[in-house]
1. Here is a check on your reading of the model: is residue 17 within 30 Å of residue 145 (Cβ to Cβ), touching a strand residue (DSSP E or B) at 6+ places or on another chain (Cβ under 8 Å) and buried (at least 19 other Cβ atoms within 10 Å of the Cβ)?
2. Is one or more of the residues making up segment 87-108 under 22 Å from residue 196 (Cα atoms) and either part of a helix (DSSP H, G or I) or within 17 Å of the chain's Cα centre (by Cα) (or both)?
3. Within segment 147-200, count every residue that is touching a residue at least 60 places away in the same chain (Cβ under 8 Å) and farther than 24 Å from residue 52 by Cα.
4. Residue 120 is checked against (1) out of contact with any strand residue (DSSP E or B) (no Cβ under 6 Å at 6 or more places or on another chain); (2) crowded, with 22+ Cβ neighbours inside 10 Å; (3) modelled with pLDDT under 95 and fails just one. What number does that condition carry?
5. Of the numbered conditions (1) within 14 Å of the chain's Cα centre (by Cα); (2) free of Cβ contacts under 8 Å to residues at least 24 places away in the same chain, residue 58 satisfies every one except a single condition; which is it?
6. Restricting to segment 136-158, name every residue that is modelled with pLDDT of 95 or more, in a loop (DSSP other than H, G, I, E, B) and either over 15 Å from residue 99 (Cβ atoms) or in contact with a strand residue (DSSP E or B) (Cβ under 9 Å, 6 or more places away or on another chain) (or both).
7. Could you say which residue among 86, 126 is surrounded by fewer than 22 Cβ atoms within 10 Å (Cβ to Cβ), over 30 Å from residue 31 (Cα atoms) and in contact with a helix residue (DSSP H, G or I) (Cβ under 7 Å, 6 or more places away or on another chain)?
């Protein structure tokens, strides 16, 4: 690597179109840009949820990295799992209703994949951060009020803990509540520090 490349300060890029991830990353008060990756997010046959989110987080980062100047690229992906069934983004109202009926009264694991791709060093730091949520035994009327009020159709498991979704919860278990929203800031800050970015 040339001296110029080695001393160049890479820019920070979030490989996501999610407004929730942008809001989370903004908490670290580091200037960044967002680019939406064009990517097939279909699972591979027999792929475990933790493996899938790690793979897709890296794939999202790599999908935009080739078009960037020297950068640190953040990729992230999330799935919810209940009784061995993977719940991705519902996309619309009826799938969201089905997901929330499946989740009520049960423990749900939210797995969030995280990748920090360093295009200068040619390295990728990849991890999966999990968070557990015990949902209370809410009724169908509560599901409808929640969905009409929040419209969480682009959220894994139709769940927005940072909004009205918190009213559906009986208990939470995990080390990083930001992981539940879609971007594990505790782990990301650790990755950024390792890459030479001062946080805070």
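1. Numbers: within 30 Å of residue 145 (Cβ to Cβ): yes; touching a strand residue (DSSP E or B) at 6+ places or on another chain (Cβ under 8 Å): yes; buried (at least 19 other Cβ atoms within 10 Å of the Cβ): no.
It is false that residue 17 is within 30 Å of residue 145 (Cβ to Cβ), touching a strand residue (DSSP E or B) at 6+ places or on another chain (Cβ under 8 Å) and buried (at least 19 other Cβ atoms within 10 Å of the Cβ).
2. Restricting attention to segment 87-108, the residues satisfying the condition of being under 22 Å from residue 196 (Cα atoms) are none.
No, the conditions are met nowhere in segment 87-108.
3. Going through segment 147-200 one residue at a time, the tally reaches 7.
4. The number of the failed condition is (2).
5. Only one criterion in (1) within 14 Å of the chain's Cα centre (by Cα); (2) free of Cβ contacts under 8 Å to residues at least 24 places away in the same chain is unmet by residue 58, namely (2).
6. 136, 137, 139
7. Values: 126 fails: over 30 Å from residue 31 (Cα atoms).
None of the other options fit; the residue is 86.
For every residue, the table says whether it meets (1) under 30 Å from residue 82 (Cα atoms); (2) touching a strand residue (DSSP E or B) at 6+ places or on another chain (Cβ under 7 Å); (3) at pLDDT 90 or above; (4) not in a loop (DSSP other than H, G, I, E, B).
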site	(1), (2), (3), (4)
9	no, no, no, no
12	no, yes, yes, yes
30	no, yes, yes, no
41	yes, no, no, no
45	yes, no, yes, no
63	yes, no, yes, yes
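The values are calculated or read from the model by the stated rules, or taken from the named source; none is laboratory data. These numbers come from a predicted model, not from an experiment. Using ideal geometry, Cβ is built from the backbone for each residue, glycine included, and neighbour counts are taken over all protein chains shown.
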